[in-house]
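The values are calculated or read from the model by the stated rules, or taken from the named source; none is laboratory data. Note that the structure is a prediction, hence the values are computed from the model and not measured. Using ideal geometry, Cβ is built from the backbone for each residue, glycine included, and neighbour counts are taken over all protein chains shown.
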Amino acid sequence: MPSFLILNGPNLNLLGTRQPEVYGATTLADIEAMCRARGADLGIGIDFHQSNHEGQLIDWVHAARGRHSGIVLNAGAYTHTSVALMDALSSVEVPVAEVHLSNIHRREPFRHHSYISKVAVGMICGFGAYGYVLAIEALRDNLNLPD
């Protein structure tokens, strides 16, 4: 069975309470449940993680090589700062879908730049928690996995 690694970066563990006017009231546990349910519908295993530490995210990316069919990544603030995470993603040869809860292009100028986009097959932003489901579906289609 194909599987996707879903990674969440810094501060996403606070979803539901952190700036709900920007990020909504949905918790990370709610998002994980949504992803697992959609993955089950599509016959895709889901491995879901969150870390506030860049090195831990990089270690999970490295471990995805040969194990996962794709990666869905919400790198949080590391999107705009982490060349190391970009390099890790480009080195594992696993397609990546970038996700953001908010529309980063309608926010502060520093959020408009993404190192992750340089190595991702695509980006979904601004659709809140549903963006993760969209990313799973888009990545499945990109990989030509059966329905």
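Structure summary
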item: Single residue of segment 1-58 satisfying the filter (in a loop (DSSP other than H, G, I, E, B), of a type in the set (A, V, I, L, M) and at pLDDT below 95) that is farthest from T81 (Cα to Cα); result: M1
item: Residue satisfying all of: in segment 93-147; polar (S, T, N, Q) and under 21 Å from R18 (Cβ atoms); surrounded by the fewest Cβ atoms within 10 Å (Cβ to Cβ) among these; result: N103
item: Selection status of E32, closer than 15 Å to A129 by Cβ and not hydrophobic (A, V, I, L, M, F, W, C); result: yes
item: Qualifying residue in segment 69-88 (condition: farther than 15 Å from L5 by Cβ, polar (S, T, N, Q) and within 14 Å of the chain's Cα centre (by Cα)); result: yes
item: Options A97, A88, A84, A75; residue that is closer than 14 Å to G122 by Cβ, modelled with pLDDT of 95 or more and not acidic (D, E); result: A97
item: Residue within segment 57-64 that is within 19 Å of F4 (Cβ to Cβ) and either among the small types (G, A, S) or in contact with a Lys or Arg (Cβ under 9 Å, 6 or more places away or on another chain) (or both) present; result: yes
item: Filter result for H80 (surrounded by fewer than 17 Cβ atoms within 10 Å (Cβ to Cβ), free of Cβ contacts under 8 Å to residues at least 60 places away in the same chain, under 21 Å from A129 (Cα atoms) and in contact with a Lys or Arg (Cβ under 8 Å, 6 or more places away or on another chain)); result: yes
